[in-house]
Amino acid sequence: MNLGELKEAAKVLKALTYNLALAYKPYPKQLEFHTNGATKRERALLAANQVGKTRCAGMEVKYHTTGEYPPWWEGRRFDGPTRGWAAGTSAEGTRDGVQRILLGEGSEHGTGTIPKAAIIDVKMARGTPNAVAQIFIKHKSGGTSYIGFRTYEQEVDRWASESLNWLWCDEEPPIKLYTEGLARLTARQGIAFSTLTPLLGMTKMIQMFYPQPDTLDRSLTMMTLDDVGHFTQNEKEQIYAAYPPHEREARMLGIPMLGSGRVFPVTRASIMCKPFEIPDHWPLLGGIDFGWDHPTGCVSIAWDRDADCIYVTHAYKEREKDPSQMSVEIKNWNPGQPWAWPHDGNRIGDRSQNLTEAGMYRRAGVRMLPEHATFDDGGHSTEAGVMEMLLRMRSGRLKVFHHLEAWFAEFDLYHRKDGKLVKENDDLLSATRMCVMAKRFARTAEPMNRFPTSVPDYDPLSREVA
């Protein structure tokens, strides 16, 4: 390399050092997170450690404060200078996290996401060495943007009396601070974005986004180690082995941590499988968990009797839909297959015709088993059913088609509190439990067509044959 080439390389290195935005090429999940800002007021990026979630948000702050949006940008745009807060867990955590990403390491500001040439002034904070309180940034319009730093250790009044265009929370804030931060966005129709690894479990804030956002004004992006390209498979395995078992899914997949309270302490990957064509000789069975205020959950299984392995092939859940509406979806899965149901299906569902809930599904054309689901010995203990599912998961005898995201969302959150099962958001898991208990009634395609006559199918109260 000659002297001219060396000088040119030095210029490029200096440009990259003081303008990291030049080297930023978002991964697909990071791009999704940015783009959602165009239509969503609140966004959460639940991500594994070391996948670039903090840098991702730091780049977005750079765009909003300088007004220099890249050509690929499809997220929210602000026309003029912005005011925003970047917040972290503590004074030291904010300094070592969001401040470092935005300004760079140590006292040489300008080596982070905000270019050195755009920094007008930096005001230091009191009490914490090298911590910054405020940054003033040159906007392309000629105006000045402002960033203030906040921490989750502060009292709520430090999060009041301000009007903001954006709020960035790195890691999870207390809910009272987050909601106060949202109030700062109202006047300017601002946006909030959070980047976190959900190690605190199913907190009130996490429940606002996961397993799915509870309003149309929120979005959730999940980002795992497999969504980035800067780790080899060997490195991923080393990272996995380094974490305690109960932290692995949170730190590697961005799934909220439930610790020792998880009902099924096995990984998603260990029970996932790719969809495949079910052999004709495998018996099939459906399972229903009745609901209204909470969703009705329906699954279908295929049972490989030779290997004694159950495969969950379909899953669907919906709230406030009657049997005639639900049946439109589930009757087409495996036409004619029998359906298992829980003991509460014997409750009266249609008093005008004295039909139980199970009877209402029969009337809608779903081939319900004549009695509720039980084990071979007649028992139907929830705990016994859950334990059977867990034993099958651990021995590789319960698999789930990988595209059934609603099923896995329940699986991720199913937990105990004070030793007792938390019966919330478990509709598909309960339907699966019905199938596991009643698998002996599964039928292959040919006998399936004879099922209503070979096993009388009637409502136990009305005695009307379906």
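Is it the case that residue 281 is in the same structural domain as residue 381 (by TED's automatic domain parsing), at pLDDT below 95 and under 23 Å from residue 391 (Cβ atoms)?
Considered against the rule, which asks whether it is in the same structural domain as residue 381 (by TED's automatic domain parsing), at pLDDT below 95 and under 23 Å from residue 391 (Cβ atoms), residue 281 comes out as no.
If we scan the stretch 153-174, do we find a residue that is at pLDDT 95 or above and exposed (fewer than 15 other Cβ atoms within 10 Å of the Cβ)?
yes
Pairs only if they're at least six apart or on different chains, beta carbon under 6 angstrom, first in the stretch 84-96 and in contact (Cβ under 8 Å) with a residue 40 or more places away in the chain, second part of a helix (DSSP H, G or I) and surrounded by 17 or more Cβ atoms within 10 Å (Cβ to Cβ); list them, first residue then second.
Filtered contacts from the stretch 84-96: 86/98; 88/94; 88/97; 88/98.
Quick one: how many residues across the stretch 345-362 are surrounded by fewer than 20 Cβ atoms within 10 Å (Cβ to Cβ), touching a residue at least 24 places away in the same chain (Cβ under 8 Å) and not in a strand (DSSP E or B)?
3
Considering each residue of the stretch 195-226, count those that are over 21 Å from residue 422 (Cβ atoms) and in contact with a Lys or Arg (Cβ under 7 Å, 6 or more places away or on another chain), and give that number.
The qualifying residues number 8.
Can you name every residue in the stretch 383-431 that is β-branched (Val, Ile, Thr) and either exposed (fewer than 14 other Cβ atoms within 10 Å of the Cβ) or modelled with pLDDT of 90 or more (or both)?
386, 400
Give the residues of the stretch 209-247 that are closer than 30 Å to residue 38 by Cα and among the charged types (D, E, K, R), sorted by residue number.
Passing the criteria: 214, 217, 218, 226, 227.
Is one or more of the residues making up the stretch 444-458 surrounded by fewer than 18 Cβ atoms within 10 Å (Cβ to Cβ), modelled with pLDDT of 85 or more and charged (D, E, K, R)?
Checked against the condition, which is being surrounded by fewer than 18 Cβ atoms within 10 Å (Cβ to Cβ), modelled with pLDDT of 85 or more and charged (D, E, K, R), the stretch 444-458 yields no hits at all.
Keeping to the stretch 8-46, report how many residues are modelled with pLDDT under 90 and not in a helix (DSSP H, G or I).
Matching residues across the stretch 8-46 total 2.
Working only within the stretch 156-172, note down all residues that are part of a loop (DSSP other than H, G, I, E, B), touching a strand residue (DSSP E or B) at 6+ places or on another chain (Cβ under 7 Å), in contact (Cβ under 8 Å) with a residue 60 or more places away in the chain and charged (D, E, K, R).
The answer is 171, and nothing else.
Can you list the helices (runs of 4 or more DSSP H) lying wholly within the stretch 377-450 that have 3 or more residues being within 26 Å of the chain's Cα centre (by Cα) and in contact (Cβ under 8 Å) with a residue 60 or more places away in the chain?
By residue number, 382-394, 405-413, 427-437.
So which strands (runs of 3 or more DSSP E) stay within the stretch 54-143 end to end and still have 3 or more residues that are more than 27 Å from the chain's Cα centre (by Cα) and not aromatic (Phe, Trp, Tyr)?
Answer list for the stretch 54-143: 119-124, 132-138.
Just need a number here: residues in the stretch 271-280 that are surrounded by 16 or more Cβ atoms within 10 Å (Cβ to Cβ) and either in contact (Cβ under 8 Å) with a residue 40 or more places away in the chain or not in a loop (DSSP other than H, G, I, E, B) (or both).
Matching residues across the stretch 271-280 total 1.
The values are calculated or read from the model by the stated rules, or taken from the named source; none is laboratory data. As the structure is a computational prediction, the values presented were derived from the model and not from experiment. For neighbour counting, all protein chains shown are included, and Cβ atoms are generated from backbone atoms with ideal geometry for every residue, glycine included.
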